[in-house]
Every structure is written in C-alpha cells, then in structure tokens.
Amino acid sequence: MTLNRISACFVLLAACALLGCGQSPTASTQGSGGSSASYIAETEPANPKGVRELIKASKNDEEVTMVGRIGGSASPFVEGLAAFSIVDPAIPYCKGEEGCPTPWDYCCELEKMKENKALVKVVDGKGTPVAKGAKDLLGVKELTMVVVRGKAKRDAEGNLTVLAEKVFIKK
Amino acid sequence: MFSLRLLPWEYGVRNLMRRPTRTVLTLAALTIVTLLVFVVVGFIRGLEQSLSVSGDPAVVIVYSIGADESVENSAIAARTAGLLTASLEGIQKRYGVVHASPELYLGTRVSVGGSDESLGLVRGVTDATPLVRRRVRLIEGRWPGRGEVMVGKLVAAKLGLKAGELAIGSSVTFDRHTWRISGQFSAGGSALESEIWGGLNDLQQALNRQDLSLVALLMSDAAQAPEVDLFCKQRTDLELQSLTETAYYRKLQTHYAPVRALAWLVVALVAGAGVFAGLNMMYGAVAGRTREIAMLQAVGYRRRAVLASLIQEAVLLACAASLLAGAIALVFFNGIAIRFTMGAFALRLDSVAVLVGCATGVLLGVVGALPPAWKALSAEVAESLKAI
C-alpha cells in the first residue's frame, strides 16, 4: 500500500515536471497575441478596393479597405509574425493544370508585382504586429482571398503596407 | 533441462580453416560487396554533410526575387547593402562594424595554365565577408589583393585538376582575365570550399557589372531573421527576397533527393547481390557437409545447435570481410573529393557510413547462411548419414 502511494507520488511529480518543461502557448515577444478569433472579421467590409487602386491613390495614415489574394512570392508569409503579401485580384496566377508547384508566386506576372502587391500586417489594439504566423493565427494559406480594413502606411518609394486589426477571409 | 548444448566455438573456426581456398574466395567476395556499400554510403553522407554544414542559422541572404533559388541568376542594386544595414536593427555589429557582406556570385568557365575550361564558382567578396562567413579560414597564403584570388580547398576537385595545379603563385583565367592565386582557404567542409574568391570591386570592374548578386547578413540572433523578410516584403520596389542560409541549402538539398534515393537503391542492390553471393557460398559449403551435419545430430546435438554453428561460421567470415572493407575504405577512399554541379564534396566515411557498412556485412553473413543451413537440417538424419 505504502509502495503504491510512493509510486503515485513519483508519477505525479514526473507529470508536474513534464508539464513544467512545456512552453507557454501564449509566449510572444511582440503584440498581445490574443485569440485568433479576435483578428478574424465575421462580416465582409463594404466597398473594398483592389491593391493596385490603393497603391495609386491611398495616402499615408488613411483608413482603407483592401481586397487581394495572398501571394506575390514563393513564401508570402513572414515567419513568426502575422504579416503577408497580397496581390491585386485582377492579376491571374498560374492554374493548377499548368503544373506550377507554387502558383502563388505569380511567376508569369513578375513584372506587374511592383504596382499590384502590398504588405498586410495584422496588429493588436496598440498597433503592434502580432507575434504569431498568419497561417496559424488566421487559418489562411497561399492564394486565399482576404479583405482587410486598416491604416495605410506609405513610404517615399510608393510601397503600401496596411496595418489591419481584422481580416475577413473570403470563402 | 532446457539448456541448449552448443557446438564448441573452435569447431566453427576450424571448419573455416579446413577449406582455405573457398574461405579466402568467399572473404574476397564479401569484402568487395561490403566495400561497395561503404563507398556508396560515404558518397551519400559526403553530399548530405556538405549541404547541411553549408548553412549558418544566423546568416540571412538577401537576393533578387526573380532568381528563384539560384543566387547565380540574382542581380540586385549595389545600394542594397547600405539600405539593409541602415534599416535593420538586428544585424550583428561589433566595434562599429556592421556584419553585412555584399557579394557577387557567378558560375563561369575557368581554366588553369592553358588547361581545358571547367565550370567554376566565383565569389566577389569584401573585408566584411569573413565576419559573416564565419567558417572560412585562410590556411595558406594571404587575402587576395588587386588582380588576385584565393581558392577553396576543393576547387581543384571542382575543376578536375590536381591539387598542385592551384598552388599559390599560379594563375587562373576566367572572363578574359588572368588572376594570380594568393591563398587557399577552408570552410568547415561547406560548399564555400569549392569557390574562388576575389575582391568585389576588382571583379565588378573585370565583369563590367555595378550590381551585386546578394547581401549576406549575420544577425545578432537567429530569431531576428523574420525582420529581414519583413523588410523585403515591405520594400516591394527593391524586388528582394530573403532566406536564412540553412533554409537556402535545405532547398538545394531537395534537388538532390533523387540522387540520394538512387544511391540508397544502389546500396540495397549491392547488398542484395551480396546476399546471393553469401547464399551461393553457404549452399556449397553445406552441401559438402551433409554427412557431417547428420553425424552431429546423431551424437546428440540439436538442430538449433548445428544451425548456430553454421551461422557462426558465416558471421565470422562476414565480420572479417567488414573489417577488411572498412580498413580499405578508410585508408583509400575517405576524404576523396567528388565533383558535382554546385561544387565538390569529400567522400565521408563517418560513424553512420561505418555502421551501415558493417551492419550490411554482418547481415550478409546471417541471411546468407540461414536458408542452406535450414535445408541441410531438415533432411532425415538416417538418410543424410548414407549420403555420398
């Protein structure tokens, strides 16, 4: 009986040690993390504009609604951060039957990328980028069509980054 | 009462000595088969090792987005290095020196002393390059000055030359210019050892190029790599992409997956042929000993004991062959340089190669001995005793 109790204690201690070794699922260096659902919009924002139109017309710090397809390079997602490139929906990507292993890199339309590609950064309430990959955070993948609403950030070279607090995923 | 009475150990050993010619021939056959396995596994390990040690997890390379995975095809603006160092905070800095290496990288036809041209890999470097390429060690001579280059220790193999032909003071010719060799370097077995390094400005002038192929950045922490990726994606106008060096070589490794698969298939085929050789030998050995095996059973040895003795003979021979093959491979084949498309690598008989080679050798003995021994033991004792 005593032996059984000692064994049970050992098992309990071992279990505690193992649990203690595990990484905290909420550990992050940037942003508040938060639950994935809080960054996903339930309803589609009205009157979204394409990436190309916003690159041409948007101003710095302007509130914009942008629609686009995740892609523009072989790896459009930034590892460890909720940030990804999106491409204007009017730009066609390689179809499956063409045998391209990475159609989301738009390899046949590379020369059009400069004026049709923007970066989306998912940020928390304080405007800090969320320190979790967008694939895990939003459940999106390459070529997913998304609509984002947020603040446009323009630089002197005309590049566009949208700081979005919510992302609507088109089915 | 359940203990098994085995035949004396010496019985099996003496049996091998009774037929010296057959034993020596079998030993030779098994040695050749095992040696082939050693060489093929050494080839695979050398290739894997070369690509896996080539990446430094803290180094990020930035190159043109249109170049796919071929840095040779990349062309980026010369100002990129300055832009990156001014914009990114995670790059390693020591004593005010930023660890960023702008580089030109090309595959070009190289000839040495009027020899035939071979495809060589040339990298234009600066004084900052060794800060980023931390495995590089100058093993002979000095850093290249104007009109000079230094060569990696596997360049001779890559160009199909003898090592002496790239001695310090000799010349190499590429892109209509002749360069004096000022030194030789090693890089911890990485792909850099197959490259020729010259001054970046010198090469740019010789090639009439103002651009770069890539910028290599040493990050203060490997976790800072996403910062570079974010910058590249933000600056769409620069058309850049970034990859950690380890990821770059991992991608290259996937290109060589069919070669590795083929090499493992060769190992399987060679081992299969070896098993048949072993089977043939053991069938011959057992067929001539039918009466002896029956007699052993008649005097009270169980079938399992006789089977164990037969396997012992085969395994002894296979172990001797493995040791012999291992010694030959280590002395004559280990470290031999082999050319391949993106450089050269050394055939590497590491612990895995030795384990696979020896295990295959021993397996040949066991698997080769079992079927004929089983066949001999399944015959009736009385009939076997009368066999001629």
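Among the residues that make up the range B:24-38, is at least one of them of a type outside the set (D, E, K, R), farther than 30 Å from residue B:262 by Cβ and in the same structural domain as residue B:283 (by TED's automatic domain parsing)? I'd like the intermediate steps shown before the answer.
Taking the range B:24-38 first, the residues of a type outside the set (D, E, K, R) are B:24-38.
Now restrict to residues that are farther than 30 Å from residue B:262 by Cβ: B:24-25.
Of the ones still in play, those that are also in the same structural domain as residue B:283 (by TED's automatic domain parsing) are B:24-25.
Yes: the range B:24-38 contains one or more residues that are of a type outside the set (D, E, K, R), farther than 30 Å from residue B:262 by Cβ and in the same structural domain as residue B:283 (by TED's automatic domain parsing).
Which ranges mark the strands (runs of 3 or more DSSP E) fully within the range A:70-163 that have 3 or more residues being more than 11 Å from every other protein chain (Cβ to nearest Cβ)? Can you show your working first?
Numbers: elements: A:83-87, A:117-122, A:145-154.
Fully inside the range A:70-163 and qualifying: A:145-154.
With a cut-off of at least 3 residues that are hydrophobic (A, V, I, L, M, F, W, C) and within 27 Å of residue B:49 (Cβ to Cβ), name the strands (runs of 3 or more DSSP E) lying wholly within the range B:140-223.
Details: elements: B:148-152, B:171-174, B:177-186, B:195-199, B:214-218.
Here the list reads B:148-152, B:214-218.
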Only residues that are surrounded by fewer than 20 Cβ atoms within 10 Å (Cβ to Cβ) and aliphatic (A, V, I, L, M): list them for the range B:271-295, please. B:273, B:275, B:277, B:279, B:287, B:295
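Between B:237, B:221, B:211, which is farther than 30 Å from residue B:366 by Cα, touching a helix residue (DSSP H, G or I) at 6+ places or on another chain (Cβ under 9 Å) and either surrounded by fewer than 17 Cβ atoms within 10 Å (Cβ to Cβ) or in the same structural domain as residue B:40 (by TED's automatic domain parsing) (or both)?
Working: B:237 fails: touching a helix residue (DSSP H, G or I) at 6+ places or on another chain (Cβ under 9 Å); B:221 fails: touching a helix residue (DSSP H, G or I) at 6+ places or on another chain (Cβ under 9 Å).
Checking each option against the conditions leaves just B:211.
So which residues in the range B:77-96 are closer than 21 Å to residue B:246 by Cβ and aliphatic (A, V, I, L, M), if there are any at all?
Correct list: B:84, B:88, B:91.
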How many residues does the range B:36-87 contain that are more than 14 Å from chain A (Cβ to nearest Cβ), part of a loop (DSSP other than H, G, I, E, B) and not hydrophobic (A, V, I, L, M, F, W, C)? 3
So in the range A:54-71, with the set limited to residues that are in contact (Cβ under 8 Å) with a residue 12 or more places away in the chain and farther than 25 Å from residue B:229 by Cβ, which one is surrounded by the fewest Cβ atoms within 10 Å (Cβ to Cβ)? A:59
When the residues of the range B:189-208 are narrowed to those that are among the polar types (S, T, N, Q) and surrounded by 23 or more Cβ atoms within 10 Å (Cβ to Cβ), which ends up modelled with the highest pLDDT? B:194
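Could you please give the count of residues in the range B:23-35 that are surrounded by fewer than 23 Cβ atoms within 10 Å (Cβ to Cβ) and either in contact with a helix residue (DSSP H, G or I) (Cβ under 6 Å, 6 or more places away or on another chain) or within 14 Å of another protein chain (Cβ to nearest Cβ) (or both)? First the steps, then the outcome.
Pass one, the range B:23-35, residues surrounded by fewer than 23 Cβ atoms within 10 Å (Cβ to Cβ): B:23-25, B:27-29, B:31-32.
From the residues that got through so far, the ones that are either in contact with a helix residue (DSSP H, G or I) (Cβ under 6 Å, 6 or more places away or on another chain) or within 14 Å of another protein chain (Cβ to nearest Cβ) (or both) too are B:23, B:27, B:29, B:31.
Of the residues in that region, 4 qualify.
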Touching a Phe, Trp or Tyr at 6+ places or on another chain (Cβ under 8 Å) and in a strand (DSSP E or B) - does that describe any residue in the range B:5-23? no
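Sort out which residues of the range B:107-139 are among the hydrophobic types (A, V, I, L, M, F, W, C), part of a strand (DSSP E or B) and under 14 Å from residue B:215 (Cα atoms), and write them in order of number. Give the derivation first.
Taking the range B:107-139 and keeping what is among the hydrophobic types (A, V, I, L, M, F, W, C), we get B:110, B:112, B:119, B:121-122, B:125, B:128, B:131-132, B:136, B:138-139.
Now drop any that are not part of a strand (DSSP E or B), which leaves B:110, B:112, B:119, B:121-122, B:125, B:138-139.
If the condition is that a residue be among the hydrophobic types (A, V, I, L, M, F, W, C), part of a strand (DSSP E or B) and under 14 Å from residue B:215 (Cα atoms), then B:125 is the only one that fits.
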In the set A:90, A:134, A:74, the lone residue that is aliphatic (A, V, I, L, M), over 23 Å from residue B:66 (Cβ atoms) and in contact (Cβ under 8 Å) with a residue 12 or more places away in the chain is A:134
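The values are calculated or read from the model by the stated rules, or taken from the named source; none is laboratory data. Not measured: the values here are computed from a predicted model. Counting neighbours? That spans all protein chains shown, and the Cβs are built from the backbone with ideal geometry, glycine included.
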